[in-house]
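S.K.: Before we start, here is the structure in question, set down as structure tokens.
The values are calculated or read from the model by the stated rules, or taken from the named source; none is laboratory data. Predicted, not measured: the structure shown is a model, and the values here were computed from it. Cβ atoms come from the backbone with ideal geometry, glycine included; neighbour counts cover every protein chain shown.
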Amino acid sequence: MPSFAVILPAAGASRRFHDKHYKKPFAPLAGRAVWLHSAERFLARKDVQQLIVVVADEDREEFDRKFGANIAILSIDVCRGGAERADSIENAMAMLKGDIEMVAVHDAARPCLAEKWIDRVFEAAARDGAAILAVPVAATLKRVKDKSITETVGREGLWEAQTPQVFRRELLAKAYAARAGKSATDDAALVERLGERVTVVQSSPLNMKLTTRDDLRLAEQILKVLPKPKAGGVNPFADDDMWR
């Protein structure tokens, strides 16, 4: 298995989270901050050689105060956030170690991740050069204009993209170099614009992204049923009393 770096974007505004005390990556969840749950799933892996968390300038002082011990002990790199998510990812890519072959981008606010899903998407990306986790769309979709339905959209062949999204380092760098300021909803979209194939690996709806405060309660229940990360029998956050 090649060497992987993982980028955790945590520099967003969290506008829909509606919490005056926390942005969603830093909110307490089952004893620790949301982003630490996401990080934990990768730090337990031998193929992950670098983990970079991206933090907005406005949050950096408090982030360092609250999580400085975690960062130091776990050798996590911290990167400055950009004006948009894509800018943040570019900033993080500039910090990649020279021997990194593959880059995974995972939402810091997507803490309910199982090891088997990471295994599958890492293996697919190593084989094909680009792969993402996703789930088939199950709901009935309606196109709406002025609060009226204009069309029922067939869901056949539609998938909901998740993270991690994993790419050969050179391919992702090429995709970002070619974006020319254009926006994209995820990293896979930039790679698709190059005409490159992106493999879809089926995941689970349990791999949810937190959006509102109500999602914290659901995520806490999901974490109770997911297998714990393997770390040689040691929980890398066992001594973290930050949120207890």
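S.K.: Is there a residue being touching a Ser or Thr at 6+ places or on another chain (Cβ under 7 Å), closer than 27 Å to L43 by Cβ and in a helix (DSSP H, G or I) anywhere in segment 131-141?
M.R.: No - not one qualifying residue is present in segment 131-141.
S.K.: A follow-up question, please. Could you say which residue among G157, G195, G181 is at pLDDT 95 or above and either at positive phi or surrounded by fewer than 17 Cβ atoms within 10 Å (Cβ to Cβ) (or both)? If you could, list the steps in order and put the result at the bottom.
M.R.: Working: G157 fails: at pLDDT 95 or above; G181 fails: at pLDDT 95 or above.
Criteria check complete, one pass: G195.
S.K.: Please name all residue pairs, on different chains or six or more residues apart, with Cβ atoms under 6 Å, provided the first residue is in segment 205-227 and is among the hydrophobic types (A, V, I, L, M, F, W, C) and the second residue is modelled with pLDDT under 90 and not in a loop (DSSP other than H, G, I, E, B).
M.R.: That search, which allows pairs on different chains as well, returns L210/K24.
S.K.: Here are some residues: V144, V166, V191. Which one is assigned to a strand (DSSP E or B) and under 22 Å from A108 (Cα atoms)?
M.R.: Numbers: V144 fails: under 22 Å from A108 (Cα atoms); V191 fails: assigned to a strand (DSSP E or B).
Just one listed residue meets the conditions, V166.
S.K.: So, one more: Kindly indicate whether any position in segment 169-178 is on the phi > 0 side of the Ramachandran plot and surrounded by 10 or more Cβ atoms within 10 Å (Cβ to Cβ).
M.R.: Of segment 169-178, the ones on the phi > 0 side of the Ramachandran plot are none.
No: segment 169-178 contains no residue that is on the phi > 0 side of the Ramachandran plot and surrounded by 10 or more Cβ atoms within 10 Å (Cβ to Cβ).
S.K.: Could you list, in sequence order, the residues of segment 49-66 that are outside any loop (DSSP other than H, G, I, E, B) and under 21 Å from R85 (Cβ atoms)?
M.R.: Applying the first criterion (outside any loop (DSSP other than H, G, I, E, B)) to segment 49-66 yields 49-55, 57-66.
Within segment 49-66, Q50, L51, I52, V53, V54, V55, D57, E58, D59, R60, E62, F63 qualify.
S.K.: Continuing with the same structure: Looking only at residues that are among the small types (G, A, S) and in contact with a helix residue (DSSP H, G or I) (Cβ under 6 Å, 6 or more places away or on another chain) in segment 48-107, which one is surrounded by the most Cβ atoms within 10 Å (Cβ to Cβ)? Outline the logic, then answer.
M.R.: Quick first cut of segment 48-107, residues among the small types (G, A, S) only: 56, 68-69, 72, 75, 81-83, 86, 88, 92, 94, 98, 104.
Those still in the list that are in contact with a helix residue (DSSP H, G or I) (Cβ under 6 Å, 6 or more places away or on another chain) too: 81-82.
Working: G81: 23, G82: 18.
Selected residue: G81.
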